[in-house]
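Structure, as structure tokens:
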Amino acid sequence: MALDLVTTLSDLISLPSVNPMGRDLKGPEFLEYRVTEYLEAFFRQLGVDYVRQTVEPQRDNIIARIDGRVPPDAGGQVLLFEAHQDTVPVDGMTIPPWTPLVRDGRIYGRGSCDIKGGMTAMLGAFARLAAERPDGMPTLIMACTVNEEHGYTGATALTELWTTSAWKALAGFIPRVPDAGVIAEPTRLNVVVAHKGTVRWRAQTRGKAVHSSQPHLGDNAIYKMARLLAALEAYQRDAAPRLPQHSLCGQVTLSVGTIRGGISVNTVPDRCTIEIDRRILPGETRASAYRHVIDFVANYPGIDFEIQHDAPFLEGEPLADGANAAVANRLGAISRELSGQGERIGVPFGTDAAQIAASGVPSVVFGPGSIDQAHTADEWLPLDELELASEALYRLGRDGL
Ligand SMILES: [Zn+2]
């Protein structure tokens, strides 16, 4: 079956699957179940085997499989395609998020670029291969996972299918640890072989609340936070550039994203809390990165007070290049031939690829569109890249590594 990619992508955009991003938000646009139902009907129509893996209520991974002509236990390869079903929220968008619009070679809508476009490219390749089942094709797994945008829990559950025996009802669906994985994210048809990871945590300063008419009797937690912020700014400005760099991912970064403190203007605040985002490089560990920041600020001039650093609330592994060379070279060569892109690159953002690579599957990130259009107010995808990405994935799925 040759899929009409624009129709499929339009269908997916028109089904909201907004990630609540850890907030307690309810509403018809949240969670992935509408997309999962669409994908279930899609796989059923193809006549392939598929399973659902319930990660949370209304949040199921859906995983489909085409068996290669050579069984995995007789030396056949196993290849994994993975794309996430969720999108970021739509606050502030300047276009209708769920009414796909095709204009001037682009398709607009939430998820068009990140990552329903990449998912569609994979579904197009998968549908062709399901119909053709050419000689020599690997066993191909297509996994559509939940909750990439806030904690990678769908991808983590997926990897448990080969790292644990926890999912008894799904045992054997993935015949063995895949030989390689391609994870959909917008890369402009380049091949991401390395990316940064993240560790995020809250830090708090404490003081003593008194009436603001007598501030000398109190202890202002916001003033202390101002000194901590100066230390963190110095970390990004002075310390991070001196740490070892990664050839494809560049340098370590640190950013403070939120701040909360005080209850009223006439009260000296007794606490102030910030959220810190520290990007980590392949080769660093999350624990060592967290500790490095804490030690730096503790020793910074003017920090003569206690800082409470909470345990990280969100972490993501970095993706290291090296183990993924075979799939990177193969997919890079195909993409180069088709599009002139296909360069091996590193990026600063995190993806499911790191969780999947950590489970023993050499993985790269690949897809149509640019990260510059992901999560934006007028998110869009170039349609020519959608077609090219699908063709590249088809050739990889047809011939294997
Ligand atoms: Zn994404």
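The values are calculated or read from the model by the stated rules, or taken from the named source; none is laboratory data. A quick note: this is a predicted structure, and the numbers were derived from the prediction, not measured. Positions of Cβ are generated from backbone atoms using ideal geometry, with glycine treated the same way; all protein chains shown enter the neighbour counts.
Could you go through the stretch 9-22 and let me know if any residue there is of a type in the set (D, E, K, R) and in a loop (DSSP other than H, G, I, E, B). Spell out the reasoning first.
Narrowing the stretch 9-22 to residues of a type in the set (D, E, K, R): 11.
From what is left, the residues that are in a loop (DSSP other than H, G, I, E, B) are none.
No: zero hits.
To keep it simple, each residue is scored yes or no on (1) surrounded by 21 or more Cβ atoms within 10 Å (Cβ to Cβ); (2) of a type in the set (A, V, I, L, M); (3) closer than 30 Å to I222 by Cβ; (4) not assigned by TED's automatic domain parsing to the domain that holds A155.
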{"position": "D295", "(1), (2), (3), (4)": "no, no, yes, yes"}
{"position": "N299", "(1), (2), (3), (4)": "no, no, yes, yes"}
{"position": "F305", "(1), (2), (3), (4)": "no, no, yes, yes"}
{"position": "L331", "(1), (2), (3), (4)": "yes, yes, no, no"}
{"position": "Q341", "(1), (2), (3), (4)": "no, no, no, no"}
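I need every pair where a residue in the stretch 139-156 that is on the phi > 0 side of the Ramachandran plot has its Cβ under 7 Å from the Cβ of a residue that is part of a helix (DSSP H, G or I) and within 12 Å of the ligand (Cβ to nearest atom), sequence separation at least 6 or different chains. Every condition considered, the pairs that remain are N147/G154; Y152/D352. When the stretch 116-141 is filtered for residues that are closer than 10 Å to G397 by Cβ and within 16 Å of the ligand (Cβ to nearest atom), only M122 remains. For the stretch 153-170, a residue qualifies if it is closer than 16 Å to V78 by Cα and either within 13 Å of the chain's Cα centre (by Cα) or within 16 Å of the ligand (Cβ to nearest atom) (or both), and exactly one does: L158.
When V193 is tested against (1) aliphatic (A, V, I, L, M); (2) without any contact (Cβ under 8 Å) to a residue 24 or more places away in the chain; (3) in contact with a strand residue (DSSP E or B) (Cβ under 8 Å, 6 or more places away or on another chain), only condition (2) is not met. Considering only the stretch 211-223, I want to know if a residue exists there that is within 30 Å of T253 (Cα to Cα), within 15 Å of the ligand (Cβ to nearest atom), modelled with pLDDT of 95 or more and surrounded by 16 or more Cβ atoms within 10 Å (Cβ to Cβ). No, the stretch 211-223 has no match at all. Taking every residue in the stretch 172-185 that is touching a residue at least 40 places away in the same chain (Cβ under 8 Å) and pairing it with any residue that is crowded, with 24+ Cβ neighbours inside 10 Å and of a type in the set (G, A, S), at least 6 positions away or on another chain, the pairs with Cβ-Cβ distances below 6 Å are G181/S363; I183/A353; I183/S363; A184/A83; A184/G118; A184/G367; E185/G367.
For the stretch 337-380, how many residues are part of a loop (DSSP other than H, G, I, E, B), within 16 Å of the ligand (Cβ to nearest atom) and more than 11 Å from the chain's Cα centre (by Cα)? Can you show your working first?
Going residue by residue through the stretch 337-380, those that are part of a loop (DSSP other than H, G, I, E, B) are 340-343, 348-351, 359-362, 367-370, 374-379.
From the residues that got through so far, the ones that are within 16 Å of the ligand (Cβ to nearest atom) too are 348-351, 367-370, 374-376, 379.
Still in the list and also more than 11 Å from the chain's Cα centre (by Cα): 348, 367-370, 374-376, 379.
Result for the stretch 337-380: 9.
Residues in the stretch 313-326: is at least one within 16 Å of the ligand (Cβ to nearest atom) and part of a loop (DSSP other than H, G, I, E, B)? Yes - at least one qualifying residue is present in the stretch 313-326. Residue check: G136 meets all listed conditions (1) more than 30 Å from T54 (Cα to Cα); (2) modelled with pLDDT under 95; (3) buried (at least 16 other Cβ atoms within 10 Å of the Cβ) but one, namely (3).
L25 passes every criterion in (1) among the aliphatic types (A, V, I, L, M); (2) touching a strand residue (DSSP E or B) at 6+ places or on another chain (Cβ under 7 Å); (3) part of a loop (DSSP other than H, G, I, E, B); (4) away from the ligand (no atom under 16 Å from the Cβ) apart from (2). Does L401 satisfy the criteria of being within 16 Å of the ligand (Cβ to nearest atom), hydrophobic (A, V, I, L, M, F, W, C) and in contact (Cβ under 8 Å) with a residue 40 or more places away in the chain? Considered against the rule, which asks whether it is within 16 Å of the ligand (Cβ to nearest atom), hydrophobic (A, V, I, L, M, F, W, C) and in contact (Cβ under 8 Å) with a residue 40 or more places away in the chain, L401 comes out as no.
What are the residues in the stretch 77-113 that are among the hydroxyl-bearing types (S, T, Y) and crowded, with 19+ Cβ neighbours inside 10 Å, if any?
Quick first cut of the stretch 77-113, residues among the hydroxyl-bearing types (S, T, Y) only: 87, 94, 99, 108, 112.
Scanning the stretch 77-113 gives T87, Y108, S112.
Step by step: first the residues of the stretch 171-192, then only those that are among the β-branched types (V, I, T) and surrounded by fewer than 23 Cβ atoms within 10 Å (Cβ to Cβ), then the one that is nearest to the ligand (Cβ to nearest atom). Which residue is that? If you could, list the steps in order and put the result at the bottom.
Taking the stretch 171-192 and keeping what is among the β-branched types (V, I, T), we get 174, 177, 182-183, 187, 191-192.
Restricting the remaining residues to those that are surrounded by fewer than 23 Cβ atoms within 10 Å (Cβ to Cβ) gives 174, 177.
Values: I174: 22, V177: 24 Å.
The qualifying residue nearest to the ligand (Cβ to nearest atom) is I174.
The residues of the stretch 83-115 that are away from the ligand (no atom under 11 Å from the Cβ), touching an Asp or Glu at 6+ places or on another chain (Cβ under 9 Å) and of a type outside the set (A, V, I, L, M, F, W, C), listed by number, are P89, T94, P97, P100, G105, Y108, G109, R110, S112.
In the stretch 21-51, which residue that is charged (D, E, K, R) and in contact (Cβ under 8 Å) with a residue 60 or more places away in the chain is farthest from V90 (Cα to Cα)? Only one residue fits best here, namely D49.
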